[in-house]
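The values are calculated or read from the model by the stated rules, or taken from the named source; none is laboratory data. Everything numeric in this text was worked out from a predicted model, so none of it was measured. With ideal geometry, Cβ positions are generated from the backbone for all residues, glycine too; neighbour counts draw on all protein chains shown. Please note that ligands, DNA and RNA were not included when accessible areas were found on the heavy atoms of the full protein model with its side chains. Shrake-Rupley method; radii C 1.70, N 1.55, O 1.52, S 1.80 Å.
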Amino acid sequence: INLPDKDLAYFSEGTEHFDDYVEAVEWAQDFARTNRDLMMDQIVNAVHNSGEVRPFVAQLKAINCHHNYVARERHYNQNILVTRKGAVRAREGDMGIIPGSMGARSYIVRGKGNPESFMSCSHGAGRAMSRTEAKRRFTVEDHRRMTAGVECRKDADVLDETPAAYKPIEAVMAAQKDLVEVVHTLHQVVCVKG
């Protein structure tokens with residue numbers, strides 16, 4: 001195919017390369033889901049066995065949604081592949097989580113199934129500036145101040161995650177009220193960044 005830019009290249013559906021690519025993507029997404037399931041089990045067990053919280057029974061409905069993925073779906077009477085980059089599925093009744101920054105609240109939401117968005121909503125607050133700009137603009141002291149009261153890393157290696165590097169989560173939520181309804185508001189206590 002003669003393309004004006006090599007970055008516009010694609011695999012045609014029904015070809016061997018297309019099928020191999022989609023199979024590999026689906027495998028990677030399944031692998032990621034299994035890892036999230038294992039991490040959830042480990043966290044629940046660690047908290048349960050820590051001796052730091054009163055005894056509890058974990059009657060969980062895990063909100064396990066991924067972002068930056070491809071899914072086979074039907075929209076507008078056509079079978080298509082939907083790529084959600086920075087987005088999660090929000091079919092009617094789908095449960096999801098929309099995180100704020102390290103210092104902001106996050107939301108458990110229920111999808112409204114808005115067809116105009118291909119039944120999607122945002123994955124989170126979204127960056128207000130690049131990682132490089134955040135590292136240039138903020139100091140470790142800024143980061144400590146913005147994450148006061150939150151147990152998290154407070155060193156130079158996470159300056160790109162400073163809360164002010166992200167859009168205000170309240171504005172993001174207001175902009176998608178036709179896509180999701182808020183079920184629970186979570187207040188930041190601990191934030192683990194790798």
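Quick look at the values:
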quantity: Partners for LYS112 among lysines (Cα-Cα distance below 18 Å; same-chain residues under 8 apart left out); calculated: LYS177
quantity: For segment 175-189, 3J(HN,Hα) per residue [Karplus equation, 6.51 cos²θ - 1.76 cosθ + 1.60, θ = phi - 60°, Hz, x = Gly/Pro]; calculated: 6, 10, 5, 7, 9, 9, 10, 7, 9, 9, 10, 9, 9, 4, 10
quantity: Qualifying lysines (Cα of each under 17 Å from Cα of LYS135; at least 8 residues distant if same chain); calculated: LYS154, LYS167, LYS193
quantity: For segment 109-194: span of alpha carbons on each principal axis (Å, largest first); calculated: 43, 26, 22
quantity: Per-residue HN-Hα couplings for segment 85-93 [Karplus 6.51, -1.76, 1.60; θ = phi - 60°; Hz; x = Gly/Pro]; calculated: 9, x, 9, 10, 6, 9, 5, 4, x
quantity: Given 14 as the ceiling on other Cβ atoms within 10 Å, longest exposed-site-free region of the chain for GluC sites (Glu not before Pro) in DSSP loops; calculated: 93-194
quantity: Most fluctuating residue given options HIS48, HIS75, HIS123, as computed from a GNM of the chain linking Cα atoms under 10 Å; calculated: HIS48
quantity: Selected from SER50, SER122, SER130 as most flexible by GNM, with the chain as the system and alpha-carbon contacts under 10 Å; calculated: SER50
quantity: Max mean-square fluctuation residue, GNM over the chain, Cα-Cα springs under 10 Å, options MET39, MET173, MET102; calculated: MET39
quantity: Taking segment 1-139 and dividing mean pair separation by its residue count, relative contact order in percent (alpha carbons under 8 Å, at least six apart); calculated: 15 percent
quantity: Relative pair counts by distance (%), Cα atoms of the chain, 5 Å bins; calculated: 1, 7, 11, 15, 16, 16, 15, 10, 6, 3, 1, 0, 0, 0
quantity: Cysteines in the chain lacking a second Cys C-beta under 4.7 Å; calculated: CYS65, CYS121
quantity: Degrees separating the helix 16-49 axis from the principal Cα axis of the chain, which is the longest one; calculated: 20 degrees
quantity: Accessible area expressed per residue, the chain, with surrounding protein chains retained (probe 1.4 Å, Å²); calculated: 68 Å²
quantity: 3J(HN,Hα) from dihedral phi, segment 127-141, Karplus parametrisation 6.51/-1.76/1.60, rounded to Hz, x for glycine, proline; calculated: 6, 8, 8, 5, 4, 4, 5, 4, 5, 6, 7, 10, 9, 4, 5
